[in-house]
1. Counting other C-beta atoms within 10 Å, which of Phe240, Phe141 has the fewest, and how do the rest follow?
2. Given Leu60, Ser216, Leu125, which one lies farthest toward the positive end of the charge dipole of the chain, if we put +1 on the Cβ of every Lys and Arg and -1 on the Cβ of every Asp and Glu?
3. If each residue's Cβ is checked for other Cβ atoms within 10 Å, how do Trp219, Trp135 rank with the fewest at the top?
4. Over the chain, what is the percentage of antiparallel beta bridges among all DSSP beta bridges, to the nearest 5?
5. Amide H neighbours of Ser186 under 5 Å, counting only residues 5+ apart in sequence or on other chains, H built in-plane at 1.01 Å?
6. How high is the relative contact order of the chain, in percent, counting Cα pairs under 8 Å that sit 6 or more residues apart?
7. Where in the chain lies the longest segment free of GluC sites (Glu not before Pro) that are both loop residues by DSSP (not H, G, I, E, B) and have at most 12 other Cβ atoms within 10 Å?
8. Considering amide H positions built from the backbone, and no H for Pro or chain starts, which residues 5 or more places from Glu160, or on another chain, come under 5 Å of its amide H?
Amino acid sequence: MFRKIFSLFLFLSVCCITSWAQKKNNSFTVIPLGVKGGDDESNLSAYMVAPTGDQNYICLDAGTINAGIQKAIALKTLKGVSEEIQRKQLKGYLISHAHLDHVSGLIINSPADTAKKIYGLPSVLNILRDKYFTWDAWANFANEGEKPQLKKYTYTPILEGETYPLDGTAMKVRAFELSHGNPYKSTAFLVSNNDSYVLYLGDTGADEIEKSDKLSNLWQAIAPLINAGTLKAIFLEVSFPNEQPEKQLFGHLTPKLFYSELSKLESFTNKEAFKKVSFIVTHTKPPQHTAEKVRQQLISGNATRIKLIFPQQGKALIIN
């Protein structure tokens, strides 16, 4: 009798542990290394992402690296020495576009980094190759472009409509082209971990301002994942308050445009499923009083009570 009870207890324990592990492996840990747009060089767009419990991260954009890792260490989000964390735990970079507030951390910290891949649309990688990793601007740490090529970084083009493994991690990625001050391009990255997804959008303007269908196409593509409950979070920028003139948006969103685009996304989805998605607000520009106005306008305009998250540099988010 005792053996039967013990066996049953052991079986149930294994089932519980397995269930917990599966749930854990289907969630993401996000460590914001930088959350702002604009001119604060210590806190620019960059997000470390990995399956929860995994120490092998990909970096979504790379505006700030070292200062963000130091902040995460100070908050006890990460343990160790900042340079070693970049070298060993960051396995590669997904670059949405090549504006400096999204790549300067990658460039300035490249001498201390280790060999890894830089993923992006071909047009984005071409700018890194021809404008930044050159011997006039810095040094060519990549595998293409001016000689000598130090070959620390490998440019890895990703094309729309295809899914690619992210080397050194358990994740995969699919890219979608965005319009960021038409005709300048940016990118959305759909990152998968088993059957769970997060969607990161680089800088983007609204379709109505950009005279584009890029966001509409993206919303239709991801709607089935929302309806299936597998898309857990969307990173979406809101750079300026509603008072910003349309001619001075430069390919960015306001709270009003943010909700206008999300209403279009909601129209493609089941409303209850839509409400389960977390929306992580990125790229709000300084000064502080302007950033606070953006926050208040987002909160007051949240008529459908979607889940808004305002990330803080160095503070981990668990997405499940």
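1. Fewest-to-most Cβ neighbours within 10 Å comes out as Phe141, Phe240.
2. Leu60
3. Trp135, Trp219
4. DSSP beta bridges in the chain are roughly 50 percent antiparallel.
5. Leu178, Ser179, His180
6. Relative contact order of the chain: 18 percent.
7. Counting only loop sites that pass the neighbour cut-off, the longest clear stretch is 1-161.
8. Under 5 Å from the amide H of Glu160 lies no amide H from a residue far enough along the sequence or on another chain.
Bear in mind these aren't lab numbers, they're just calculated from the coordinates by the rules spelled out. What you see is a predicted model; the values in this text were computed from it and never measured. All Cβ positions, even for glycine, are placed from backbone atoms using ideal geometry, and neighbour counts span all protein chains on display.
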